[in-house]
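Asker: I'd like to ask you about the structure that follows.
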Amino acid sequence: MNFNIAVIAGDGIGPEITTEARRVLDAVGARFGHTFNYNEVLAGGCAIDAVGTCLPDETVEACKASDAVLLAAIGGWKWDTLPGDQRPEQALLGLRKELGLFSNLRPAILFEELKDACPLRPELIAGGLDLLVVRELTGGIYFGEKGYRDTEDMGKAAYDVEEYSEGEVRRIAQVAFDMARKRGSKLTSVDKANVLESSRLWRKVVEEVAASYPDVELNHLYIDNAAMQLVCAPQQFDVIVTNNIFGDILSDEASMITGSIGMLPSASLRGDNFGMYEPVHGSAPDIAGEDKANPMAMILSAAMMLRYTFGLEEEAAAIEGAVKTVLSKGYRTADLYRESCEGQEGQESQEQILIGTAKAGQLIAEEIG
Ligand code: IPM
Ligand code: MG
């Protein structure tokens, strides 16, 4: 089959990890008989430099015309001093909004091979970790009214409004319940209903939706408690559903439990098959162009694209399997590499081999065959 992918390599390490994701997709194409056509388009800081705006109209049009969007990373120090509405990150928010991508799936899976890289005590993660953060992506404080006003005696004040409608909560709750049903049938909704009105509405609507999913066990946690539970008892979680900003924070926290933020893929969906796929990590300008970045989150994002948008389950599993195999052979990018890695008692510690971005992509592509 033929698939048209809009590719946004973006800034920092973006171009390097994009090259590796394409290499792996091409290996999948060769093995399973598919053709992936890539339409490379500009967004972020590189677009500001090239055409003066972070999200050119042509980019939005190209994304809308594609079957799926693959995005690497956006932003960097170079553009950090621009006014808020001109920062490269606006491209990301603009794409999410323009494409209607209201649900963001961020699976955090601790690969058996990486349990040494997990910062938690081994007994907390014995038996592994496999959770899914479902983050609302086009509402809340990210998109609410914002601005400045003068106060009487405290100078200027700035504000960002957190606002959710019943419809916005209902549709993300439905996605989360559907996901929970396909997994461990447990859903934790995270809010701050002890303080925030928007969270009280959130909780009420989630409860309403729950009535249609009697087979899914639902509980509610406040965000502060959830952040704590995630590091002291992470195995209680199956699916977590939460608003835009809490989801941003919790997904970074969850990612570290899996060893490195360099391992976490994500899918941003709008309710049909269309989606935008991107690693959870950022553009890492400190290591850009040095062949040090871990391309696995990007490669695993491509796997999610195959699964959710193209319906190619076997192909997606082939990528995930190849990543695991490469890790099981001891290959590690710098973010995962431990110089002296102590084996568990009675087990031999495995020797680790430090590799760069291109080598990681090459090894994964070779495993696919
Ligand atoms: C993410 C990122 C973005 C977000 C930034 C870069 C705007 O942190 O995708 O998690 O906050 O959504
Ligand atoms: Mg984030």
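The values are calculated or read from the model by the stated rules, or taken from the named source; none is laboratory data. The structure displayed is predicted, hence computed values, not measured ones. In this analysis, Cβ positions are derived from the backbone assuming ideal geometry, glycine residues included, and neighbour counts consider all displayed protein chains. Note: accessible area is taken over every heavy atom of the protein model, side chains too, but ligands, DNA and RNA are not part of it. Shrake-Rupley method; radii C 1.70, N 1.55, O 1.52, S 1.80 Å.
Asker: For the chain, with every protein chain kept in place, what is the accessible area per residue (1.4 Å probe, Å²)?
Answerer: Working: 15970 Å² over 369 residues.
That works out to 43 Å² for each residue.
Asker: Hey, with R₀ at 25 Å, roughly what FRET efficiency would LEU82 and GLU40 work out to, going by the Cβ-Cβ distance, to 0.05?
Answerer: Details: r = 24 Å, r/R0 = 0.95.
Efficiency for this residue pair is about 0.60.
Asker: Report the far tail of the P(r) of segment 227-272, meaning the percent of Cα-Cα pairs longer than 18 Å. Before the final figure, lay out each step's value.
Answerer: On the way: 322 of 1035 pairs.
Roughly 31 percent, once rounded to a whole number.
Asker: Can you pull the percent of the chain's accessible area that's carbon plus sulfur, 1.4 Å probe, other chains left in place? Intermediate results must be reported in sequence, preceding the final value.
Answerer: Details: 7890 of 15970 Å².
Of all accessible area on the chain, carbon and sulfur atoms account for 49 percent.
Asker: Taking every Cα atom in the chain, find the radius of gyration and the maximum pairwise distance Dmax, and write them in Å.
Answerer: Final numbers for Rg and Dmax: 20.7, 68 Å.
Asker: Okay, moving on. Quick one: accessible surface of THR81, probe radius 1.4 Å, all protein chains present, in square angstrom to the nearest 10.
Answerer: 130
Asker: For a quick protection proxy, order the peptides 5-15, 182-192 by their average other-Cβ count within 10 Å, most packed first. Walk me through the intermediate numbers first.
Answerer: Details: 5-15: 26.5, 182-192: 20.4.
Most protected by this proxy first, the peptides run 5-15, 182-192.
Asker: Using unit Cβ charges (K, R positive; D, E negative) and no other charged atoms, how large, in debye to the nearest 20, is the dipole of the chain about its Cα centre? Working shown, then result.
Answerer: Values: 33 positive and 58 negative charges, 108 e Å.
Approximately 520 debye in magnitude.
Asker: Measuring from label point to label point, each 7 Å out along Cα→Cβ, what is the GLU351 to ALA227 span in nm?
Answerer: Here the answer is 4.3 nm between the modelled labels.
Asker: LYS324 to ALA358: extension gain in nm, 0.36 nm per residue of separation minus the Cα-Cα distance?
Answerer: Details: separation 34, 0.36 × 34 = 12.24 nm, distance 1.69 nm.
Once the chain is fully extended between LYS324 and ALA358, it gains 10.5 nm.
Asker: As a test, work out the antiparallel percent of DSSP beta bridges whose residues both lie in segment 6-146, rounded to the nearest 5. Please report the intermediate quantities before stating the final value.
Answerer: On the way: 8 of 14 bridges.
Of the beta bridges lying entirely in segment 6-146, close to 55 percent run antiparallel.
Asker: With all distinct Cα pairs included, what does the Kirkwood hydrodynamic radius of segment 63-155 come out to in Å, to one decimal, could you say?
Answerer: Numbers: mean 1/r = 0.0573 Å⁻¹.
Here the Kirkwood hydrodynamic radius works out to 17.4 Å.
Asker: So, one more: Helix-derived [θ] at 222 nm for the chain: sum -39500 (n - 2.57) over DSSP H runs of at least 4, divide by residue count, nearest 500?
Answerer: Numbers: 12 runs with 145 residues, N = 369.
Calculated at 222 nm, the ellipticity per residue is -12000 deg cm²/dmol.
Asker: Can you figure out the FRET efficiency of GLU112 with TYR148, using R₀ = 51 Å and their beta-carbon distance, to the nearest 0.05?
Answerer: Working: r = 51 Å, r/R0 = 0.99.
Once the sixth-power term is evaluated, E becomes 0.50.
Asker: Within the chain, what's the longest stretch lacking GluC sites (Glu not before Pro) that sit in DSSP loops with no more than 15 other Cβ atoms inside 10 Å? It would help to have the intermediate numbers written out before the result.
Answerer: Values: sites that count: GLU145, GLU152, GLU163, GLU290, GLU339, GLU342, GLU345, GLU348, GLU351.
Counting only loop sites that pass the neighbour cut-off, the longest clear stretch is 1-144.
Asker: Using a cut-off of 17 Å between alpha-carbon atoms, which aspartates and glutamates can reach LYS146, once sequence neighbours fewer than 8 places away in the same chain are excluded?
Answerer: Within the straight-line cut-off, LYS146 pairs with ASP85, GLU89, ASP160, GLU162, GLU163.
Asker: Set the bar at 32 Å for Cα to Cα. Now go through LYS78/LYS359; LYS78/LYS324; LYS97/LYS186; LYS78/LYS156; LYS64/LYS192; LYS97/LYS182 and name every pair that lies beyond it. Mind showing how you got there, number by number?
Answerer: On the way: LYS78/LYS359 28 Å; LYS78/LYS324 35 Å; LYS97/LYS186 29 Å; LYS78/LYS156 27 Å; LYS64/LYS192 35 Å; LYS97/LYS182 27 Å.
Violating the 32 Å limit, Cα to Cα: LYS78/LYS324; LYS64/LYS192.
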